[in-house]
1. Quickly run through segment A:210-226 and pick out the residues that are more than 18 Å from A:Gly238 (Cβ to Cβ) and open to solvent by less than 70 Å² (accessible area, probe 1.4 Å).
2. Do the conditions hold for B:Val257, that is, is it at negative phi, in contact with a Ser or Thr (Cβ under 8 Å, 6 or more places away or on another chain), open to solvent by less than 10 Å² (accessible area, probe 1.4 Å) and assigned by TED's automatic domain parsing to the domain that holds B:Val228?
3. I need every pair where a residue in segment B:135-149 that is of a type in the set (D, E, K, R) has its Cβ under 8 Å from the Cβ of a residue that is surrounded by fewer than 23 Cβ atoms within 10 Å (Cβ to Cβ), sequence separation at least 6 or different chains.
4. Is it the case that segment B:239-254 has a residue that's outside any loop (DSSP other than H, G, I, E, B), farther than 21 Å from B:Cys305 by Cβ and acidic (Asp, Glu)?
5. Just checking, how many residues over segment A:291-323 are of a type in the set (A, V, I, L, M) and closer than 16 Å to A:Arg231 by Cα?
6. For B:Glu267, work out the one condition from (1) assigned to a loop (DSSP other than H, G, I, E, B); (2) open to solvent by less than 30 Å² (accessible area, probe 1.4 Å) it doesn't fulfil.
7. Please state which of the following conditions A:Ser116 fails to meet, knowing it meets all the rest: (1) part of a loop (DSSP other than H, G, I, E, B); (2) surrounded by 17 or more Cβ atoms within 10 Å (Cβ to Cβ); (3) of a type outside the set (Lys, Arg).
8. Here is a check on your reading of the model: is A:Leu183 assigned to a helix (DSSP H, G or I), more than 7 Å from chain B (Cβ to nearest Cβ), farther than 17 Å from B:Gly190 by Cβ and modelled with pLDDT under 90?
2 protein chains.
Amino acid sequence: MDRTIDKTRMMSSAEVAKWLSERDNFLILTHLRPDGDTLGSAAGLCSALREAGKTAYVLRNKQTTRRYEAYMTPYWSEDFRPDFVISTDIATENLFPANAEMFKGRVDLSIDHHPSNSGFAENTLLDSSCAACGEILYRLAMDLNGRVSPETAKLLFIALTTDTGCFRYGNTTADTHRIAAALIDAGAPGAEINKKLFRTKSRGRVLIESEMLNNIEFSRNSQIATVVVTREMIDRAGADEDDLEDIAAIHGQIEGVVVSITVRELEDGSSKVSVRTNKLVDAGAVCAELGGGGHAMAAGVSLGCGVWEAKEKILAAVDKVWK
Amino acid sequence: MDRTIDKTRMMSSAEVAKWLSERDNFLILTHLRPDGDTLGSAAGLCSALREAGKTAYVLRNKQTTRRYEAYMTPYWSEDFRPDFVISTDIATENLFPANAEMFKGRVDLSIDHHPSNSGFAENTLLDSSCAACGEILYRLAMDLNGRVSPETAKLLFIALTTDTGCFRYGNTTADTHRIAAALIDAGAPGAEINKKLFRTKSRGRVLIESEMLNNIEFSRNSQIATVVVTREMIDRAGADEDDLEDIAAIHGQIEGVVVSITVRELEDGSSKVSVRTNKLVDAGAVCAELGGGGHAMAAGVSLGCGVWEAKEKILAAVDKVWK
């Protein structure tokens, strides 16, 4: 059963707090390729529900990367049979991980900050003005318990800081900072989390960044920066999946670059292309040329061909869209 | 005339606001090798004083790097003859730039957050619990004018965000976030400033980072990471002084590294050594072995010899201190 945004019931934070307090036995879902916001929001909600005396688990997401695993361990379950299913930071059911397939059409409450939320759940708590879904969860935890424990604060701080690139990205608002202050006051070890997530790099990460910086090809008057990341480069750096997180952001930082392209060779020899742009060029439109999609400033496409052919194709797509 | 901390008069923010409102014609000093905190604090104070109807300038600091110059231009003076001299973020008179020599022993008010402030000024407003001197200036501007204009907010946001590495460093507190929220509410373009200061790298910067990452030498079971930065590397990257800001931080991010050493070749062939450590090793003690100094986790020393000899000397000093 698929619902549209018209069919879901939109709820306020206070209404959701009441709804939760009247129920029990919750399972919380996170999205495919989970980031700190979906994981921190889910675990933070789980922690807040347990403080309210409820039984709650997060469905174990097998794609969780090394950096988040230890934070999540106390909340994971693979086989809990819930009475109510909640999702955090998931815009559509297409983003459910494989082991959450059985919950399609069965989500009781979706808590999200994506304006594109499809309304797949029976009830929805949506605030698209929030930089991170974790901001919504902070307010909900306050409505539910009147306070936030140090453990819940830690998990929600992870949600905030990761979705804003440590308060660096354009989505960061005064409210984000206000909630960060409240979470630190409540006991979130902000400095420790930021050191771990933003100031520590594995050797594999350092080496793959170095490989990439050495292999940037500039075109169109240095406004396009393209990097092809081959298996050989990844192997030489000894980089794993965790090390490759958000590598598409690296060369987009260079002054004057409008379009940054990353073409990554997958293990089967096919290519994963990421396109990052500033407001001048629509990244989603570029990737749509080749059957992919995404947002205006960050999009992607998977191509069955090898990386060098993929590079030519995506550069041609940029030329087509960027007149 | 040199004052000690006993001789200066410690003032509260409200007292300083009253003191300022009763006076006029202010010149504000910044420190040697100026960073965003000394510059943003000085310009923010200057802007707040002008809003209060006062005549105020910042003494032009010729070492100001490219990234800050445009923000400072409206406030610079090289020859204003003040009635009162104020310093921001300066711990001792040794840190005065050359063109401020004439004001030694003549500073009426020092506004600072360094616990080591020597008490060189007649009056001192000190709060060492603040991550950035800019936090003190925010409270002072509120005490002075009851509000903060968008222009003042912008300059103070620069102070906050640069001294905390965009809210990433361990000095960031709940108060830092609360003041950041207040500054954004007052009109500081937080996203724009962070994009410019933290998400844009010149090609020279990207290339020198790449050169450095390619030339890390690991020792003592990969706990020491050393990089020698030669003139040849700097020239090949086309990097200028602005591009070299804080390069000592780059390899200290690597997981497991306890001591990171940067040995940079200066134009005259001598060497500038920077040592960054975590709590296990005292960087100041390491550099003191060779006649330098600094803090427990960040210190430096200038050596007359070439870089390769300097590298051997500093590694020997590490061995001596780190048993």
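The values are calculated or read from the model by the stated rules, or taken from the named source; none is laboratory data. Computed from a prediction, not measured in an experiment: that's the story for all the values here. All Cβ positions, even for glycine, are placed from backbone atoms using ideal geometry, and neighbour counts span all protein chains on display. Just the protein is used for accessible areas: all its heavy atoms, side chains included, with ligands, DNA and RNA removed. Shrake-Rupley method; radii C 1.70, N 1.55, O 1.52, S 1.80 Å.
1. Those that are more than 18 Å from A:Gly238 (Cβ to Cβ) and open to solvent by less than 70 Å² (accessible area, probe 1.4 Å): A:Ile216, A:Phe218, A:Ser219, A:Ser222, A:Gln223, A:Ile224, A:Ala225, A:Thr226.
2. Values: at negative phi: yes; in contact with a Ser or Thr (Cβ under 8 Å, 6 or more places away or on another chain): yes; open to solvent by less than 10 Å² (accessible area, probe 1.4 Å): no; assigned by TED's automatic domain parsing to the domain that holds B:Val228: yes.
Considered against the rule, which asks whether it is at negative phi, in contact with a Ser or Thr (Cβ under 8 Å, 6 or more places away or on another chain), open to solvent by less than 10 Å² (accessible area, probe 1.4 Å) and assigned by TED's automatic domain parsing to the domain that holds B:Val228, B:Val257 comes out as no.
3. Filtered contacts from segment B:135-149: B:Glu135/B:Asp127; B:Glu135/B:Asp175; B:Arg139/B:Ser13; B:Asp143/B:Ser13; B:Asp143/B:Ala14; B:Asp143/B:Val16; B:Asp143/B:Ala17; B:Arg147/B:Ala186.
4. Pass one, segment B:239-254, residues outside any loop (DSSP other than H, G, I, E, B): B:247-249, B:251-254.
Now drop any that are not farther than 21 Å from B:Cys305 by Cβ, which leaves B:249, B:251-254.
Those still in the list that are acidic (Asp, Glu) too: none.
Checking segment B:239-254: not a single residue is outside any loop (DSSP other than H, G, I, E, B), farther than 21 Å from B:Cys305 by Cβ and acidic (Asp, Glu).
5. The initial filter retains those residues of segment A:291-323 that are of a type in the set (A, V, I, L, M), namely A:296-299, A:301, A:303, A:307, A:310, A:314-318, A:321.
Now drop any that are not closer than 16 Å to A:Arg231 by Cα, which leaves A:303, A:307, A:310.
Result for segment A:291-323: 3.
6. With respect to (1) assigned to a loop (DSSP other than H, G, I, E, B); (2) open to solvent by less than 30 Å² (accessible area, probe 1.4 Å), B:Glu267 is out only on (2).
7. A:Ser116 satisfies all of (1) part of a loop (DSSP other than H, G, I, E, B); (2) surrounded by 17 or more Cβ atoms within 10 Å (Cβ to Cβ); (3) of a type outside the set (Lys, Arg) except (2).
8. Numbers: assigned to a helix (DSSP H, G or I): yes; more than 7 Å from chain B (Cβ to nearest Cβ): yes; farther than 17 Å from B:Gly190 by Cβ: yes; modelled with pLDDT under 90: no.
For A:Leu183, the condition - assigned to a helix (DSSP H, G or I), more than 7 Å from chain B (Cβ to nearest Cβ), farther than 17 Å from B:Gly190 by Cβ and modelled with pLDDT under 90 - is not met.
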